[in-house]
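Structure record follows, encoded as structure tokens.
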Amino acid sequence: MAFLELEGVVKRFGRAAVVDGFCLAVEEGEFVSFLGGSGCGKTTTLRMIAGFESPTAGSIRIAGAEVTSVAPNRRGVGMVFQNYALFPNMTVRKNIEFGLKVARWRPAEIAPRVTEMLELIHMEELGERYPHQMSGGQQQRAALARALAVRPKVLLLDEPLSALDAKIRQRLRTEIREIQQKTGITTIYVTHDQEEALSLSDRIVVMQSGRIEQVGTPHEIYNRPATPFVASFIGNLNVLEATVLDATLGLLSVDGQEVRTAGPVSAAGPRVTLALRPEMLSLEEGSARANTLEGNLINIIFLGSIVRLVIAIGKHELILDRFNAPHFALPPLGSRVAVGFARDACLITGEREPVAAATP
Amino acid sequence: MTIRRGWAWLWMSLGFLYFFVPLLATFIFSLHGKRGVLSFIAYRHVFADPQFLATFTFSLQMALLTIVVGLTLIIPTVIYIHLRAPWAKPIVETFSLLPFVIPPIVLVFGLIRMYSGPPFNLVSSRGLLVAGYVVLSFPYIYRAVDAGLRAMDLRGLTEAAQSLGASWGTIMFRVVLPNMRVSLLSAAFLTFSIVIGELTLAVMLAWPAFGPYMALVGRDLAYEPAALAILSFLLTWGLIGLIQLASRSLAGQGSAVGGAH
């Protein structure tokens with residue numbers, strides 16, 4: 001039995017279902033991210049686990065115990081908020097102590113625990129500071145220590161890094177993962193940032209309109225997206241409309257040019273969506289075992305370590321990423337270029353038309 | 001830069017003059033109790049009158065009661081509205097303006113009509129006076145509490161405290177109230193100044209309060225009312241200072257929040 005279980009959880013506000021039929025089993029010590037755009041229901045689901053919202057239907061179990069209607073202060077769930085929510089009238093030390101005092105720890109045990117937490121977040125010297133005397137990154141680390149001090153069964157993080165600037169975000173991201181691994185705490189992490197989800201998680205739950213689109217490891221989500229939404233949401237993706245020429249051979253046509261996939265195409269209709277990651281494309285003509293599409297180079301975007309080329313193929317615009325090199329000669333704008341890619345770079349993500357209309 | 005600063009000083013001095021010139025004039029006038037010399041004789045007369053201390057003490061008690069009742073009634077209500085019933089905000093805001101719209105004389109006649117016979121014969125009870133004062137101070141308390149709650153992340157803080165296992169009592173007394181110290185003080189301050197000088201309710205309900213006493217003295221004497229005004233001003237400020245001191249030592253660590261910048 002999993003450590004944290006959500007079964008058929010539904011949340012309706014009025015008539016609209018914000019979360020619909022959410023089922024998930026999280027193992028003890030696992031780091032799971034809920035990933036999706038705003039309004040996809042990820043935060044609502046997290047708040048239902050915390051007990052701040054009650055599900056319209058379904059059940060939530062933590063460590064085998066039914067908690068669906070248990071008050072938030074009795075769930076043993078730690079929470080970290082986007083805007084830190086540190087108590088402004090207390091020092092960092094007092095903030096961390098708060099939960100321990102509420103749980104009636106013995107005074108002799110409180111002090112060492114607080115010191116241990118301050119060491120965990122590398123803020124031994126800042127214990128006497130008030131929240132307003134610290135940077136956002138320090139405040140969020142203090143909030144993390146406060147949540148962990150009481151040894152909650154589950155740690156919930158609600159977009160904890162969104163209010164921070166990019167540099168600190170990356171450093172804190174690493175730190176959160178390290179702390180999670182050190183403490184071995186079961187963690188749910190809500191984010192709209194795919195990079196955060198990919199780099200932190202054991203598993204990712206991609207959500208859209210209150211439903212789970214796909215659950216899988218970062219590797220699976222990135223390389224084998226199950227739905228067109230996941231494919232387009234994770235990473236940059238070129239989405240091309242293609243016509244199936246021969247399903248068993250895996251032969252497609254994109255704007256009159258032939259493309260072969262690595263295996264048979266299982267789609268029922270004649271039209272499918274072909275997705276290609278920008279980093280899987282190259283400016284060389286494909287070999288016999290690979291594909292080549294021709295198009296016009298219409299834009300070059302310099303991104304530092306990466307150079308992004310935009311190539312028009314029929315009505316589609318294809319993005320091609322390649323690493324920057326000082327001696328790399330770019331073709332002139334407007335020139336005709338060939339884009340090569342391997343057969344297994346092709347992601348077929350679904351039919352564009354309903355099945356019924358497929359057979360003539 | 002210097003020009004802007006000059007303007008700032010100008011406005012500040014104008015404000016200062018506006019508030020303090022009348023006070024100063026009153027003070028100087030109050031010293032003219034003996035012809036030809038400046039003296040504190042008017043003050044001596046005021047202190048010599050036992051009515052002064054009696055009425056002031058009475059109004060002081062009423063003010064403290066009003067503050068306690070008003071805050072206990074309004075704080076939980078406003079917190080509830082903020083967290084659970086934000087839709088009720090405009091309604092309560094409109095309600096909170098009613099004491100400005102309805103004159104105290106109307107309020108007091110309403111109270112007398114309603115509570116002078118069975119089933120509620122409360123006209124001679126202090127409770128009715130305090131209840132009336134709570135109504136009068138409602139707009140000020142409501143606004144101060146509301147501003148205090150807006151200034152903090154109430155939802156975030158209460159949820160953080162809840163997830164740390166805290167009960168509502170703990171959340172209120174350890175998290176919410178300490179962070180509202182300034183706005184609670186201003187609520188108390190405003191209530192205090194309203195009740196200390198209040199006339200209509202005290203007269204109509206026939207209580208020996210400070211407001212009616214001041215009116216009486218002002219009608220019969222010349223210099224003593226000025227002295228009384230200055231005294232009540234000083235007393236009020238002194239008491240506010242005491243409230244501030246007391247709350248600071250009560251809040252303990254919390255007081256460092258304001259002073260730590």
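As I understand it, the value is the acute angle between the Cα axis of helix B:210-220 and the longest principal axis of the Cα atoms of chain B; what does it come to in degrees, rounded to 10?
20 degrees
Give the order of A:HIS122, A:HIS192 when sorted by the count of other beta carbons within 10 angstrom, beginning with the fewest.
Details: A:HIS122 11, A:HIS192 17.
Ranked by crowding around the Cβ, least crowded first: A:HIS122, A:HIS192.
Taking Cα atoms, how many degrees apart are the long axis of helix B:126-150 and the longest axis of chain B, rounded to 10 and kept between 0 and 90?
So the inclination is approximately 50 degrees.
Tell me the angle of helix A:107-120 to the major Cα principal axis of chain A, expressed in degrees between 0 and 90 and rounded to the nearest ten.
Relative to chain A, helix A:107-120 is tipped by roughly 30 degrees.
Name the longest site-free stretch of chain A, where the excluded sites are GluC sites (Glu not before Pro) in a DSSP loop with no more than 15 other beta-carbon atoms within 10 Å.
Free of exposed loop sites, the longest segment is A:129-283.
Just to be sure I understand the model, the point goes 7 Å from the Cα along the line to the Cβ. What's the resulting A:GLU109 to A:ILE306 distance in nm?
With each label placed 7 Å out from Cα toward Cβ, I get 4.9 nm.
What ³J(HN,Hα) values, in whole Hz, does the Karplus curve 6.51 cos²θ - 1.76 cosθ + 1.60 give for segment A:150-164 when θ = phi - 60°, with x put for Gly and Pro?
With the stated coefficients, segment A:150-164 comes to 7, 6, x, 6, 9, 10, 10, 10, 9, 6, x, 9, 5, 8, 9 Hz.
Quick one: among A:ALA166, A:ALA147, A:ALA226, which has the greatest mean-square fluctuation in a GNM of chain A with alpha-carbon springs under 10 angstrom?
Looking only at A:ALA166, A:ALA147, A:ALA226, the largest GNM fluctuation is found for A:ALA166.
Would you please give the residues with an amide H less than 5 Å from that of A:VAL19, counting only those at least 5 places away or on a separate chain, with H modeled from the backbone geometry?
Answer set, sorted by chain and number: A:LYS11.
For chain A, modelled as a GNM with alpha-carbon contacts under 10 angstrom, which of A:ALA325, A:ALA149, A:ALA247 fluctuates the most?
Maximum among the listed residues: A:ALA325.
Grab the DSSP H runs of chain A that are 4 residues or longer, score each as -39,500 (n - 2.57), total them, divide by all residues and round the 222 nm result to the nearest 500 deg cm²/dmol.
When only DSSP H runs of four or more count, the value is -7000 deg cm²/dmol.
Could you tell me the largest-minus-smallest coordinate of the C-alpha atoms of the protein assembly as shown on each of the three principal axes, in descending order and whole angstroms?
Result, largest extent first: 118, 63, 57 Å.
Write out the trypsin sites (Lys or Arg not before Pro) in segment A:253-323 meeting two conditions: DSSP loop, and at most 10 other Cβ atoms within 10 Å of their Cβ.
A:ARG289, A:LYS315
State the extension gain, in nm to one decimal, for the chain segment bounded by B:ILE243 and B:ARG155, taking 0.36 nm per residue of separation less the distance between their alpha-carbons.
28.8 nm
Report the relative contact order of chain A, percent, no decimals, based on alpha-carbon pairs under 8 angstrom and at least 6 residues apart.
Relative contact order of chain A: 15 percent.
First select every other residue whose beta carbon is under 14 angstrom from the beta carbon of A:PHE31; then total the charges, Lys and Arg +1, Asp and Glu -1.
With Lys, Arg at +1 and Asp, Glu at -1, the net is -3.
Going by amide H atoms built from the backbone, whose H comes under 5 Å of the H on A:PHE3, apart from near neighbours?
Excluding prolines and chain starts, which carry no amide H, the hits are A:VAL26, A:GLU27, A:GLU28.
Using the Karplus curve 6.51 cos²θ - 1.76 cosθ + 1.60 with θ = phi - 60°, work out ³J(HN,Hα) for each residue of segment A:68-83 in order, rounded to whole Hz, and write x for Gly and Pro.
3, 10, 7, 4, x, 7, 10, 8, x, 10, x, 9, 10, 9, 4, 9
For chain A, give me the percentage of DSSP beta bridges that are antiparallel, rounded to the nearest 5 percent.
Taking every DSSP beta bridge with both residues in chain A, the antiparallel ones total about 75 percent.
Just rank B:PHE210, B:PHE16, A:PHE87, B:PHE192, fewest to most, by other beta-carbon atoms within 10 angstrom. Spell out each step's value before the answer.
On the way: B:PHE210 28, B:PHE16 10, A:PHE87 24, B:PHE192 21.
Result, fewest neighbours first: B:PHE16, B:PHE192, A:PHE87, B:PHE210.
Read phi for every residue in segment B:82-97 and hand back ³J(HN,Hα) as whole Hz from Karplus 6.51 cos²θ - 1.76 cosθ + 1.60, θ = phi - 60°, with x for Gly and Pro.
4, 8, 10, 9, x, 5, 7, 4, x, 5, 5, 4, 4, 4, 5, 8
Quick one: which residues, 5+ away or cross-chain, put their amide H under 5 Å from the amide H of A:VAL154? H built at 1.01 Å from N.
A:GLY78
Which value at 222 nm does chain B reach when only helices count, each DSSP H run of 4 or more adding -39,500 (n - 2.57), with the total divided by all residues and rounded to the nearest 500 deg cm²/dmol?
Estimated from H runs of four or more residues: -25500 deg cm²/dmol.
Which pairs in the list A:LYS11/A:LYS315; A:LYS42/A:LYS153; A:LYS153/B:LYS89; A:LYS167/B:LYS89; A:LYS11/A:LYS153; A:LYS11/A:LYS182 are over 30 Å apart, alpha-carbon to alpha-carbon?
Among A:LYS11/A:LYS315; A:LYS42/A:LYS153; A:LYS153/B:LYS89; A:LYS167/B:LYS89; A:LYS11/A:LYS153; A:LYS11/A:LYS182, the Cα-Cα distance tops 30 Å for A:LYS11/A:LYS315; A:LYS153/B:LYS89; A:LYS167/B:LYS89; A:LYS11/A:LYS182.
Restrict the search to segment A:76-112; then list the trypsin sites (Lys or Arg not before Pro) that DSSP places in a loop and that have at most 16 other Cβ atoms within 10 Å of their Cβ.
A:ARG104
Name the residue, out of B:VAL106, B:VAL176, B:VAL135, whose mean-square fluctuation peaks in a Gaussian network model built on chain B with Cα pairs under 10 Å.
Highest fluctuation among the options: B:VAL106.
Using the beta-carbon distance between B:ASN121 and B:GLU93 and R0 = 45 Å, what value does 1/(1 + (r/R0)^6) give for FRET efficiency, to the nearest 0.05?
Rounded to the nearest 0.05, the efficiency is 0.85.
What residues from segment A:114-153 fall in the zone where the backbone N is under 15 Å from a label point 7 Å along the Cα-to-C-beta line of A:GLU195?
None, by backbone N distance to the label point.
What order do you get for B:MET152, A:MET48 when you list them from fewest to most C-beta neighbours inside 10 Å?
Exposure proxy ranking, most exposed first: B:MET152, A:MET48.
Read-outs: derived from the displayed coordinates by stated rules, not from any lab. Because the structure is predicted, anything quoted here is derived from the model rather than measured. As a convention, Cβ positions derive from the backbone with ideal geometry for all residues, glycine included, and neighbour counts pool all protein chains shown.
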